[in-house]
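Bear in mind that the values in this text are calculations on the coordinates, not laboratory data. The structure presented is a predicted model; accordingly, all values stated were derived computationally and were not measured.
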Amino acid sequence: MSTEHTAWFAAWFNHPLYLKLYSHRDASEARRCVETILKETSLAPQATPTPHILDVACGAGRHALEFSRRGFNVTANDLSPYLINCTRAHAEKEGLGITCTRQDMRTLDIDGSYELAVQLFSSFGYFDRNEDDAQVIQQVYRHLKPGGWYALDLINPAHLEKTLIPHSEKQVDELTVIEERSIANGRVKKEISITGPDGTHRFSESVRLFSSASIRTLLEQEGFEIVRILGDYGGTPFDSEHSPRMLLLSRKP
């Protein structure tokens, strides 16, 4: 396993170009996802006490901010100093009382317990070892109250295999972005080259792919009960061949 300082996610997610490249993942997409999760879990901010929500790998805070705007108590966590600072800055600008933490998801140790934990936009499966993925789920389980929900959002590998674009080039403002994508050894990999006025930057992504059966087994081994699986952020039922996403909604007994 790479160290935090050399792992692909530590380098890429801590660089300002990351948000530039993924600017199309916007607040409207986050709103749709949050609305679907709240509909499926029946959680409401009017409950007494107000439900607490943990965003395990919040990135720049799209989903954490949306939950907070709706009146929930939110804790947002991420390993990247850059991204957690973005979340904190957005929350302060909007006057939202989000608690921000910077921790490795494998060793989460946050005070309190939660009615809902979310792990969205393919923020699971980064590590080389299966044991690390299991450890993440163990930590989420430990932080949930009995009856608490876990919303885990993954790529559907069957759909990805049919739609993967091996090579693409695009302009993002003054930047030229070249992306090379492949699937090998159960992972989807991307090599990214970004050229701008200050030269060329290169980054990598490598995310483990899970079938619905394999992730179900992993969740159940750690104690979760699968309630349903959705196929997109709008709440369409999961279809193993055609759904772009695999949004699993599980509960801690």
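Considered as an equivalent ellipsoid built on the Cα gyration tensor, the chain has semi-axes of 28, 22, 18 Å, the largest given first. Among Gln135, Gln119, Gln171, which one moves the most in a GNM of the chain with springs linking Cα atoms closer than 10 Å? Result: Gln171 has the largest fluctuation of those listed. How big, in percent, is the set of alpha carbon pairs in the stretch 1-140 lying more than 21 Å apart? When every Cα pair of the stretch 1-140 is considered, 41 percent fall beyond 21 Å.
For the stretch 149-253, dividing the convex hull volume of the Cα atoms by the residue count gives 131 Å³ per residue. Given springs between every Cα pair under 10 Å in a Gaussian network model of the chain, which of His159, His167, His63 has the largest fluctuation? Sorting by GNM fluctuation, first place goes to His167. Each principal axis of the Cα cloud of the stretch 160-204 was evaluated for its coordinate range; sorted largest first, these ranges are 36, 17, 10 Å.
Pairs from the table (Lys20/Lys190; Lys93/Lys170; Lys93/Lys145) lying more than 23 angstrom apart at Cα are Lys93/Lys170; Lys93/Lys145.
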